[in-house]
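The structure appears right after this line, and notes come after that.
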Amino acid sequence: MASQYDNYNTGHQVYGSGGQYYNDSSAGFITPGPQRRKKQTSNWIKIGIPVLVLLIAGGVVGAILATRKKGTSSSASVASGGKTEAGRFATATNSEYMIPIYPSTTNTAAFSAPTFVSNAAVAWPSDSFAPSTPSVLTVRPDRPRLIAPAYKWAALPNLISKDPYLAGWNTTIFLNASQYYDLPPVVYFMDGDSGILDNAREVKMRIKAMSYAYRMTNDTKWADRVWAELQNAAGNGSIPFGPDVDKWNSPHFLDTAEFSAAFGIAYDWLYDTWSPDQKSKIISTMIKYGLEPGIQAYTNASVFTGWWKSTGTDGNWNCVCNSGLTMASLAILGDDTSGHASQLLGLTVDNAKLNCAQAVSDDGTWAETANYWYFGTTGHAEMASSLLSATGSDYGLMKVNPNFYKTGDFHMYIAGATSLFNYGDHGPNKFSTTANALIFYANYYNQPQYGLFQRDQYDSAEPWSMFWYDPTIAGAFWNGKPLDHFFDNSVDQWASMRSSWTDNSALYVAIKAGQNLHHQTHNDLDVGDFVLDALGTRWAGELGSADYRSPNYFSSDVQAADRWKYYRKMTEGQNTILINKANQNVNAAPTVKHDTSNTTQGSSTVLKVDQDSTAYFTTDMTSAYFDATSVKRGIRLLNGRKQVLLQDEITAAQSVMWRMHTNATVSIDGTTATLALDGQTMKVTMLNPPNGATFSQSAAKRFDTDVAPPVPDQDNPGVTVLIISLPAGTYNLQVLFNPQWPGDVSYVTPPSVALDQWSLRSHDGSA
Ligand SMILES: *[C@@H]1O[C@H](CO)[C@@H](O)[C@H](O)[C@H]1NC(C)=O
Ligand SMILES: *[C@@H]1O[C@H](CO)[C@@H](O)[C@H](O)[C@H]1NC(C)=O
Ligand SMILES: *[C@@H]1O[C@H](CO)[C@@H](O)[C@H](O)[C@H]1NC(C)=O
Ligand SMILES: *[C@@H]1O[C@H](CO)[C@@H](O)[C@H](O)[C@H]1NC(C)=O
Ligand SMILES: *[C@@H]1O[C@H](CO)[C@@H](O)[C@H](O)[C@H]1NC(C)=O
Ligand SMILES: *[C@@H]1O[C@H](CO)[C@@H](O)[C@H](O)[C@H]1NC(C)=O
Ligand SMILES: *[C@@H]1O[C@H](CO)[C@@H](O)[C@H](O)[C@H]1NC(C)=O
């Protein structure tokens, strides 16, 4: 039988490109893949859509969300003045995509501009531990040290009683903790190259929630249940947990780091309840399976488990690994007699500043993918927050990269009207990973809109939020937020354009150019790729990760790499132009041009943009192609952001194919395609079609003539490719997307304008 380590024999080769691993064929996995998610009723809807009332009290208008009780739709509590009664804004989450639903109201006073107000009644007390010369080896005198110091626990019940977000999260965390309480401890599952990362993150998620429940109740049943989880993950439970020599799987060091963090949280948050014997057992397990492998990773040149610490490894691995080791070390510093904790603290902080903190480019983009942003920022925020609470400083981790703060905008703009612009790999299951770093960044970087955006998201209810959230935050994230944003770093180059921030059926278009290298081998060959949302569903979408266990999936991103033989990673698996049925050039270096009417949303959740409100993005992506002398693509919003024009100007010496992947049912009539999805309709029409151009469709699978990948592709059930296929030649392809909006909407047919002549006003006339 092949050993789990067989694939590690090539050392850095396997991991040098920084993959995290998941297996989307295993039972029980929640995959972001292309399977159509079954419509599920959101939990908020199940428990009764709360009544949202708007009322004026004490001079402040608040949108108050009713207390949510099973089977009732109770009336709202009444605001009595002051910011804390501003209420929860979202009334529910969308059942298909789990995104917040905001009430339709033009009430402007309810949704003021994002800010932090001065209101002592809901402010956190200040920390009495404020060393004048902080040191990573000098920790606060009291417990907990990590993220949630004692003074915050003491203040929390009062803040919960005054802030509807804290109150809602507290309730959910208790519900979650109760679910975990009733489950058996996490069962060890070595998932090939994906390691035991799911196990580690699930243990961490449970420990956070149950430790929170313990500290909020002093009920020892929670501490006992946490202890059972620790015993299990130490291999001392009733069922085996991995090989004695390396239970936390150090060759896949993410696993080691996440277990270390989990044990550190348990040790620290429940410090006062552990007996001396329990403490020494937790410490010995952390040393053996976490900190000792951490020291080896850092100091022993003959092990490869520390590849992630190398300069230039500026992806999620560096953040997660350094954060886990740092949290664990801070938790046991002083009680650890081995010296490992202090040694590691001398290494991790500087390393994370050089690598983790550099994973955000100067425009705010996380260079891996939209989903890997979650892992990277969770690690970064946990590490910085733990250092701050335990020692009084983050040692520059937050600001060493002066553009790090912009990564909140990366996340907000890459979040579409239905879901992320989820190009490239989607990453493993998230469990303890969330977007709640935004709540931490909101305060630290004084960007309140980040926290206001995240607090209504379904993943906001978890223990970190309870301590990162500052209840003096006020206003609506959308108030003053531009609808469009362009990310211009040459590695990324992408655009985000929408018709509203608060309407689930809004139009959303995102498109990327950028380079095909420098994404920690998590990208696709996808210059020109786009997604399109409208009418509450996604019309042009992504296929996501291929199987992370496929041979050589992460090992190389050179032109001939095996990675580029998997359909989901190949150019033909993207929503872009394909020339000669061949992959794009990995050395692509496109140029871009773009403009926007700068339309911003105001306080109202009901946004009707002006007729001339628009945005466009064009790219010269010739360098991405072989066998073509010119390939340019542009996309723009038309008719007050109700229609979209996608235009391609191509001169190619080989065959040309326009491709778009959709979950819709497609009916074709020559140069018009009608897409039906989720009870909605999208008309797609070619304008000025070149001779012989018609739409066709196919399944989302490789051409028979393609080079076979090392193992067969995954299927893409339910996905259809809409295609325009043409021989070599010079073409101007203009494809107009008309979502069939309800009501009496008049559609425009825009004039034909060369991409180089596009401007904000170039399409105002009609054909
Ligand atoms: C937190 O939620 C639990 C469970 O619903 C509840 O018993 C407790 O009173 C809440 N805490 C506060 C401070 O409201
Ligand atoms: C936490 O509880 C909420 C409310 O019951 C539920 O919707 C959510 O799925 C739970 N989260 C986890 C991670 O179990
Ligand atoms: C739990 O015990 C601690 C320490 O004795 C005390 O400060 C805290 O108020 C108690 N909390 C509850 C909810 O009883
Ligand atoms: C588990 O058992 C081993 C071997 O007896 C012991 O060294 C370790 O401290 C124990 N750890 C925990 C968390 O129980
Ligand atoms: C370094 O790693 C090698 C290979 O695992 C091991 O044999 C050696 O003992 C380690 N050296 C130290 C100083 O720990
Ligand atoms: C199909 O729907 C799933 C689930 O919403 C989504 O993850 C996927 O990206 C969609 N695929 C396409 C091609 O739109
Ligand atoms: C949009 O804002 C940018 C940056 O402030 C400015 O350069 C540009 O002229 C504005 N465009 C319009 C149409 O207002």
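Applying the condition of being on the phi < 0 side of the Ramachandran plot and without any contact (Cβ under 8 Å) to a residue 40 or more places away in the chain to segment 704-743 and asking which residue is nearest to ligand 5 (Cβ to nearest atom) yields P712.
Any residue at all in segment 595-603 that's crowded, with 18+ Cβ neighbours inside 10 Å and away from ligand 7 (no atom under 16 Å from the Cβ)? Yes, segment 595-603 has at least one match. For segment 233-259, a tally of residues being away from ligand 2 (no atom under 16 Å from the Cβ), assigned to a helix (DSSP H, G or I) and buried (at least 21 other Cβ atoms within 10 Å of the Cβ) returns 7. Of the residues G544, G536, G528, G514, only one is assigned by TED's automatic domain parsing to the domain that holds N583 and over 23 Å from W564 (Cβ atoms); which? Step by step, each of G544, G536, G528, G514 is checked, and only G536 is assigned by TED's automatic domain parsing to the domain that holds N583 and over 23 Å from W564 (Cβ atoms).
Checked against the criterion of being in the same structural domain as A534 (by TED's automatic domain parsing) and either modelled with pLDDT under 95 or over 26 Å from S597 (Cα atoms) (or both), the candidates S766, S655 yield just one match: S655. Filtered by the rule that a residue be within 16 Å of ligand 3 (Cβ to nearest atom) and either of a type in the set (S, T, Y) or surrounded by fewer than 24 Cβ atoms within 10 Å (Cβ to Cβ) (or both), segment 178-212 gives S211, Y212.
Is at least one residue of segment 454-465 farther than 23 Å from D314 by Cβ and over 20 Å from the mean Cα position of the chain (by Cα)? Taking every residue of segment 454-465 in turn, none turns out to be farther than 23 Å from D314 by Cβ and over 20 Å from the mean Cα position of the chain (by Cα).
The values are calculated or read from the model by the stated rules, or taken from the named source; none is laboratory data. Here the structure is a predicted model, which is why all the values come from computation and not from measurement. Counting neighbours? That spans all protein chains shown, and the Cβs are built from the backbone with ideal geometry, glycine included.
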